[in-house]
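**Q** Please read through the structure below; I'll follow up with questions.
The values are calculated or read from the model by the stated rules, or taken from the named source; none is laboratory data. In this text the structure is predicted, and so the values were computed from the model without any measurement. Backbone-built Cβ (ideal geometry, glycine too); neighbour counts: all protein chains shown. Remember, those area values only see protein heavy atoms, side chains included, never the ligands or the DNA or RNA. Shrake-Rupley method; radii C 1.70, N 1.55, O 1.52, S 1.80 Å.
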Amino acid sequence: MPASPQSQEKEPKRATGPEVIAGYLKTLGAGPGVYRMLDAAGTVIYVGKARNLKARVQNYTRLAGQPNRTLRMIQATASMEFVSVRTEAEALLLEANLIKRFRPRFNVTLRDDKSFPYILIRRDQGAPQILKHRGARTIKGEYFGPFASAGAVNRAINMLERAFLLRSCSDSVYESRTRPCLLYQIKRCSAPCTGEISLEDYGALVDEAVRFLRGESQSVREMYQRLMEEAAEKLEFERAARFRNRLWALAHVTAEQAINPDGVEEADVFAAFQEGGQTCIQVFFFRVGQNWGNRAYYPKADRSLAVEEVLDSFVAQFYDDKPVPRLILISHDIANHALLEEALSIKAERKVEIRMPQRGVKSSLVEHALTNAREALGRKLAETSSQRILLAALGERFSLPRPPRRVEVFDNSHIMGTNAVGAMIVAGPEGFAKSAYRKFNIRSTTLTPGDDYAMMREVLERRFRRLAEEEAEAPRDTPADALWEHVAAEEGEAREEDETPDIGDALPDRPDLVLVDGGAGQLTIAREVLAELGLSDIAVVGVAKGPDRDAGREHFHVPGRASFMLEPRDPVLYFVQRLRDEAHRFAIGTHRARRSKALGANPLDEIPGIGPMRKRALMKHFGSAKAISRAGVDDLAAVTGISQEMARKIYDFFHERRI
């Protein structure tokens, strides 16, 4: 049975601090390993590695001379866990893996949940297909990458389609074509689906594209130049024009790369810039001598950490789940330079070199990346500053006790009650937090189709019941407040009422403000749900569309106040409109995806024994699932691969559905 509130109050708090850490010294060895520091709630707050575990842990038993960040970390530690390894390089790799898994608040953490996209030349069918690919490489074919973003891959595929006329359509589309599609008409596909090109000639185009992606672009261009001249000499001008167009497309592909440095075949470039307590790290990818894009990262790190420390931890985490190139160029010298080289060489099973170039082409690449990091951070700080100003103004307009750090907006989407979904978007000081967005498929079978109030109730109940359960399991009162008082006392500083420890900019789990799309009715539903779950302290506002659904004439419903409007040119009004429009966009997109999935569902998938081959044969023979449902047993049995018994099963399935 769960303990009563009285017994929970009497339960003593777990001890924390250097005395707890000192208790582990008796059993610790002097070899390399990784340690985890946990707070009183059992949450991992720091992961570290050490060449000598005992010596490192002993260092944490002394408070004198420690920086404030380390003091807070020590005072919050209620327990520790250890893993011994054979070498310090193994410890570095394990540390990076655990940091990405637990995201401890005192570590530098890489906020990146997406894998990098690749170009895949798929070889498991007669006419190879070019497509974008993420995730495990389980499909037979050749992979080229990584590319910095999906946009970079899409642009490259578009250019390759123009140059080599490769197909990008799915297998189902390819097999069902009876005449060439639009891509053939605009000269971006050679249409092997309808025999406009033989599979042998199409295979030659695929081989040329592969050669180009492997870095043999010059030889491919020379080949097309020679073929164009030969065709022109034979007065085959249409054929010569085709080769000329491919040369133009290849030139365009190369020009799109922007930077194609000589002597850099395979390298990743890391450049870090720090300002205002924030760090931006730009990563450029070079493969087969071509620039395959760049991406900006903003790792979560304590403001006291130097840029070299942030970059050091970032690079180790970056390659935890990504392929390692032969050369890594960095903008700052890092403490674990040699150790990181050794660890990444072990991971890649070949020599990996990390360099901080001082001159030449490689130095220019780092300088270019550093310029991009500086400009990206400047834009980010400007956006964050304006976002914080807007949040402060939002708090004033809605009479909140302090500026909200987390705003959640809820909306529903459906068509006459079908494929109903709810959507939640989240905004904070750094803008939209898309990793925190949530979608809810409406599950209730008792609500009336199109009942927006009931749908909103279900969505809010599911969202806030989970929050209430999480808060019950991990109480909100953590040692962080006591930590801050200790540090403030050391520094002779007084803590302001609304000041919080500087332990990163992560969004809180609990919203400070909830916006629901609707008027007084939706607001009432939201308040009832929060009250039932014991979360009445969360502020709720209803946003009702104006007359004729005009933007700018919204009415706001706040508990205890009459509905009101904001001034037409008030920046807060535009801000709320952005939030509402983003929630609407996300809800509509989620609804469309669900509706498309429902429309694309084939009833044949529900029949036992009907796999992809039989399904394809049936669809090719009859043309549609509707025609199959009307076919007789003998007609079904006439399809290749369909026995009399299977034909009877298909027939019974459709006719049972009509009863």
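**Q** Could you list which residues have their amide H under 5 Å from that of GLY33, counting only those 5 or more apart in sequence or on another chain, with H placed in the peptide plane?
**A** Amide H to amide H, under 5 Å and 5 or more residues apart or across chains, GLY33 pairs with ALA50, LEU53, VAL85.
**Q** Another question, if that's okay. Stretch ARG177-SER386 to full length: gain in nm at 0.36 nm per residue minus the Cα-Cα span?
**A** 70.0 nm
**Q** Could you state the accessible area per residue of the stretch 124-194 in Å², with a 1.4 Å probe and every protein chain left in place?
**A** 49 Å²
**Q** Also, I was wondering about something else. What percentage of the solvent-accessible surface of the stretch 92-202, computed with a 1.4 Å probe over protein heavy atoms, is contributed by carbon and sulfur atoms?
**A** Here it works out to 49 percent.
**Q** Spin-label point model (7 Å from Cα, Cβ direction): what's the ALA393 to SER536 distance in nm?
**A** Between ALA393 and SER536, the label points sit 3.3 nm apart.
**Q** Then there's this: Could you pull out which residues in the stretch 73-107 have an amide N less than 17 Å from a spot 7 Å beyond the Cα of THR27, following the Cα-Cβ vector?
**A** Hits in the stretch 73-107 for THR27 at 17 Å: 78-85.
**Q** How long is the gain from ARG155 to GLU222 if the chain were fully straight, where each residue apart is worth 0.36 nm and the alpha carbon distance is subtracted?
**A** 21.8 nm
**Q** Here is a further query. Return the sequence-ordered ³J(HN,Hα) values of the stretch 458-470 in whole Hz as given by the Karplus equation 6.51 cos²θ - 1.76 cosθ + 1.60 applied to θ = phi - 60°, using x for Gly and Pro.
**A** Listing the rounded values in order: 4, 4, 5, 4, 5, 5, 8, 5, 4, 4, 4, 5, 5 Hz.
**Q** So, one more: Taking 56 Å as R0, compute the FRET efficiency from the Cβ-Cβ separation of THR446 and SER84 and round it to 0.05.
**A** 0.50
**Q** Related question: Taking θ = phi - 60°, what integer Hz values does the Karplus form 6.51 cos²θ - 1.76 cosθ + 1.60 yield along the stretch 428-444, in sequence order, with x for Gly and Pro?
**A** x, x, 9, x, 6, 9, 5, 5, 9, 4, 9, 10, 10, 6, 5, 9, 4
**Q** Set the Förster distance to 41 Å, then compute FRET efficiency between ASN97 and ASP652 from the Cβ-Cβ distance, nearest 0.05.
**A** The calculated FRET efficiency here is 0.15.
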